[in-house]
């Protein structure tokens, strides 16, 4: 593959032109309800002339993948104009590209296996055999795709330099919140929060999110009686122990999307991040929760990095940027926005 150094990345408008009026087969290896998958299904159904969607919602990822492999084995896909592979195309294209001959292939390269498992979550060493395999899967997927999708220009630039993803084959498509759940509304606060300035954070608690920074910021606000933290996600025992020392904290391991929307609706300040300042991927991506907060019209705290600066405040002005990795800087913003100080 020849690396094209010049030119701008493609946009969502270019992606629309790739599927408009076409017959499209869409698939992904994750749940149909996954945020990015829903966004892509909405797009192809809006613009394509005919759409077939094949996803599996079994609780076991292995069984979802096997179900998709079984479908691909016994169905002819050459009748479509476009094959659109959503979440984790690395598990499909390197093994099934022969099924897509003479068909234009679009892959959502939302997640690099190598970057996620080696650089972000540090599951494998950079020079290990597994790391080399993951790198090969990423490169092979890029090479076998006619077009790939990235979630930010900063991330696209990383893919361009690392996996030789051509600029004129890479569409930058920002995430969107699911409008079925997330839209502006003002729910009444629960009685115990009615006189509180509510600060909310939710997440899956993966390393790049920097949840320890949020937990430490909550600890720093322990003496601010008017501030109440709501943290939603599977925190570690050590993190829970820190929060238990603060009476002004509500922690929930998990909520439904409907419940999450309710919590967000009556929060005064919503923390998006990313807050980890040691993982490069945290600086290349805009957290999905930022789009949810934006859709609900909330005041957002974002990590100060190039990816977040791509979109904010140009596309949405109700934001505060904070130094990544600094609980003290985050606490300062919380104190300022609450209008309350322990001094």
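The values are calculated or read from the model by the stated rules, or taken from the named source; none is laboratory data. On a predicted model such as this, the values are computed, not experimentally measured, just so you know. As a convention, Cβ positions derive from the backbone with ideal geometry for all residues, glycine included, and neighbour counts pool all protein chains shown.
Residue under question is residue 45, and the condition is that it be in contact with a helix residue (DSSP H, G or I) (Cβ under 9 Å, 6 or more places away or on another chain) and surrounded by fewer than 21 Cβ atoms within 10 Å (Cβ to Cβ); does it hold? In short, no. Applying the set (1) in a helix (DSSP H, G or I); (2) outside the structural domain of residue 83 (by TED's automatic domain parsing) to residue 179 leaves exactly one unmet item: (1).
Note on the range 227-251: among residues that are in contact with a strand residue (DSSP E or B) (Cβ under 6 Å, 6 or more places away or on another chain) and either modelled with pLDDT under 95 or surrounded by fewer than 14 Cβ atoms within 10 Å (Cβ to Cβ) (or both), the one that is farthest from residue 335 (Cα to Cα) is 243. Quick check, is residue 108 at pLDDT 95 or above, under 26 Å from residue 23 (Cβ atoms), assigned by TED's automatic domain parsing to the domain that holds residue 33 and surrounded by fewer than 18 Cβ atoms within 10 Å (Cβ to Cβ)? Judged against the criteria, residue 108 is not a match. How about the range 8-66: which of its residues are assigned to a helix (DSSP H, G or I), farther than 20 Å from residue 179 by Cβ, out of contact with any strand residue (DSSP E or B) (no Cβ under 9 Å at 6 or more places or on another chain) and touching a residue at least 12 places away in the same chain (Cβ under 8 Å)? Scanning the range 8-66 gives 61, 64, 65. Among the residues making up the range 267-286, those that are in contact with a helix residue (DSSP H, G or I) (Cβ under 7 Å, 6 or more places away or on another chain) and more than 18 Å from residue 218 (Cα to Cα) are 279, 280, 281, 282, 283, 284, 285, 286. When 141, 154 are screened for being in the same structural domain as residue 69 (by TED's automatic domain parsing), assigned to a helix (DSSP H, G or I), within 22 Å of residue 66 (Cα to Cα) and under 21 Å from the mean Cα position of the chain (by Cα), only 141 passes.
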